[in-house]
Amino acid sequence: MEDRDLKVTNLRWYPTYHIAAPSGWVNDPNGFCFFGGQYHFFYQCYPYGVEWGPMHWGHVVSKDLINWEHLPVALAPDRDYDNDGVFSGSGIEKDGKFYLMYTGNISLPDGGHAQKQCLAVSDDGINFEKVENNPILIAPENVDMSGVDFRDPKVWKHNKNFYVALGSKTTDGQHGEVLLFESKDLENWNFKNISARAEGNQGTMWECPNFAKVGSKDVLIVSPMEIHPEGNKFLNNVDVVYTIGKLDYKTGIFEHGDIEILDWGFDFYAPQVANLPDGRNIFIGWLDMWGVPQPEQADGWSGMMTVPRELKIKGGKLFTPPIEELKKLRKGKKTYKDLKLDKETELKGIGGAVGELCLKINLSKSKKFSIGVRGTAKIFVDAESKILKFIRDAAENEGLAGEREMNLSKGKELNLRIYLDKSSIEIFANDGEKVLSARIYPPETSTEIIFIPEEKVFEIEEVTFYTLAQSIPNPKM
Ligand code: FRU
């Protein structure tokens, strides 16, 4: 780990098994892929302050996707084509070398910016050189797109060619879109088509596109700006959506179904997918939200990542369960079976600032109940209306108070897997059918989990709490 001037000063909210920077600001996941026998994960960061600033790429590596080690910052904004930020992008191996493709951002005197795509290459997976021909891909002419907002290249290989998806919007600035380009060598790119475009209320700019081949389908994930709220949907400042379909590599067009929400929580953005050597598609998102308070800034750091999740399609529906490897973090275990609780109850051995809470509940027996989390949040389930509501309400969360909710499937059985870290919660319902993520900021001493019957009895078929091993090093203080 590099020695940084900016230091974390308090570990009260610093994660123990989620990726975060050694200090300073982080946002989007970048360059997530496998190279040289290790998983590499990069992230947008500003190592010199706790606010967003000229973007660099932070870097961590792992052999098992759970234990991560910090490496030096991989890319810094130091060229005339990326001076105001090495913006988001992705990574890929070609001929035994590791390539990172990113957006070079430049601020213009008129207050605007210019965005062009660039490449950096490495032999060892640690030291990266920007290529001589940068920028290697600029906005195509005569295409209905914004020449200005053109960023976040996600590169992959299909048959013999390389493809890159880029986020942009229409010339009139009203509809987000994904542009597809094709290349034989990663340096020379041909525009293929506008693969997908926002219709109606689907966002005015699409950031951070990802295409992933899941079984016989393709899944597109994008992070749209300016979707207006619709009922319990699109309540955050920016959102993340997916749609399932088929990408036609000849025409470059993506035929797809409806646009759906990928995560129903307060804090989730800009996820990036990695296609692993074993065929799985997994992704990590930024477990934060633009434009909301980040209390950990007082402690010298800002922002963290979600646990890795897998993309799976079952019966035509997308599921995003946590990756299998996370089970290896489990240490201590406490289980209770067949509980009938008629008042607010704490269970010995079930609680902690860090852990995994698993529940099996028969919704025909327990129709209304809540689970209080560390005095700062509550999970409320109403079996009648098939709603799981997450309420972030306590005084410690000033400025962050509110509710998010997700619909549950019709079945009687509800299983919940809840990952708690010092300042985060990720709720996976029914094996990742629905997911809700949020940051929480309880005092370190509040570790209690309380089971609350909202009607006569709260029946729990099974509840287990696992303590979890630390897999991210503590920052140097
Ligand atoms: C998304 C984003 C990207 C951009 C990056 C800059 O959160 O706005 O579009 O590349 O952050 O840090």
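The values are calculated or read from the model by the stated rules, or taken from the named source; none is laboratory data. Bear in mind that the values here come from a model prediction, so they are computed numbers and not experimental data. Cβ coordinates were reconstructed from backbone atoms using ideal geometry, including for glycine residues, and neighbour counts include every protein chain displayed. When the accessible area is computed, the model is the full protein with side chains, heavy atoms only, and any ligands, DNA or RNA have been set aside. Shrake-Rupley method; radii C 1.70, N 1.55, O 1.52, S 1.80 Å.
Binning the alpha carbon pair distances of the chain at 10 angstrom intervals from zero yields the distribution 4, 21, 31, 26, 13, 4, 1, 0, expressed in whole percent.
Taking the Cβ-Cβ separation of residue 347 and residue 386 as r and a Förster radius of 30 Å, what is the calculated FRET efficiency to the nearest 0.05?
Numbers: r = 26 Å, r/R0 = 0.87.
After rounding, the FRET efficiency stands at 0.70.
Modelled this way, with points 7 Å down the Cα-to-C-beta line, the labels at residue 174 and residue 360 are 5.3 nm from one another.
Put simply, the amide H of residue 137, placed in the peptide plane, has neighbours under 5 Å in 117, leaving out anything fewer than 5 places away on its chain. Ranked by the mean number of other Cβ atoms within 10 Å per residue, highest first, peptides 376-385, 274-283, 300-309 order as 300-309, 376-385, 274-283.
Entry comment: accessible area of the stretch 222-327 is 36 Å² per residue, from protein heavy atoms only and a probe of 1.4 Å.
Scanning residues 5 or more positions from residue 470 or on other chains, none has an amide H under 5 Å from its amide H, with H placed 1.01 Å from N in the peptide plane. Take each peptide in 43-54, 68-79, count the other Cβ atoms within 10 Å of every residue, and average; sorted highest first, the result is 43-54, 68-79.
Couplings 3J(HN,Hα) for the stretch 88-93, derived from phi with the Karplus relation 6.51 cos²θ - 1.76 cosθ + 1.60 (θ = phi - 60°), are 4, x, 9, x, 7, 9 Hz, where x marks Gly and Pro.
By how many nm would the segment from residue 290 to residue 334 lengthen if fully extended, with 0.36 nm per residue of separation less the alpha-carbon distance?
Working: separation 44, 0.36 × 44 = 15.84 nm, distance 3.72 nm.
Roughly 12.1 nm would be gained on extension.
For residue 49, nonlocal amide neighbours, meaning residues 5 or more places apart or on other chains whose placed amide H falls under 5 Å from its own, are 25.
Within the accessible area of the stretch 206-356, the carbon and sulfur atoms contribute 49%, probe 1.4 Å, all protein chains present.
With r as the distance between the Cβ atoms of residue 121 and residue 278 and R0 = 22 Å, compute the FRET efficiency 1/(1 + (r/R0)^6) and round to 0.05. Could you put the intermediate results ahead of the total?
Values: r = 25 Å, r/R0 = 1.16.
That pair, residue 278 with residue 121, gives E of 0.30.
What FRET efficiency do you get for residue 95 and residue 148 if R0 is 35 Å and r is their Cβ-Cβ distance, rounded to the nearest 0.05? It would help to have the intermediate numbers written out before the result.
Working: r = 34 Å, r/R0 = 0.96.
Approximately 0.55, to the nearest 0.05.
Solvent exposure of the stretch 17-142 amounts to 37 Å² per residue of accessible area, where only protein heavy atoms count and the probe is 1.4 Å. Peptides 325-331, 80-86 ranked from most to least packed give 80-86, 325-331, packing being the mean of other C-beta atoms within 10 angstrom over each peptide's residues. Using C-alpha pairs under 8 Å with a sequence gap of at least 6, the mean separation divided by the residue count of the chain gives a relative contact order of 15 percent. In this rough spin-label picture, where each label sits 7 Å from Cα along the Cβ direction, the residue 444-residue 298 distance is 1.4 nm. Listed values for the stretch 78-87 are Karplus-derived 3J(HN,Hα) couplings in whole Hz (6.51 cos²θ - 1.76 cosθ + 1.60, θ = phi - 60°), namely 9, 10, 5, 8, 9, 3, 9, x, 8, 6, and x replaces Gly and Pro. Extending 7 Å from Cα along the Cβ direction at residue 159 and again at residue 201 yields two label points whose distance is 4.1 nm.
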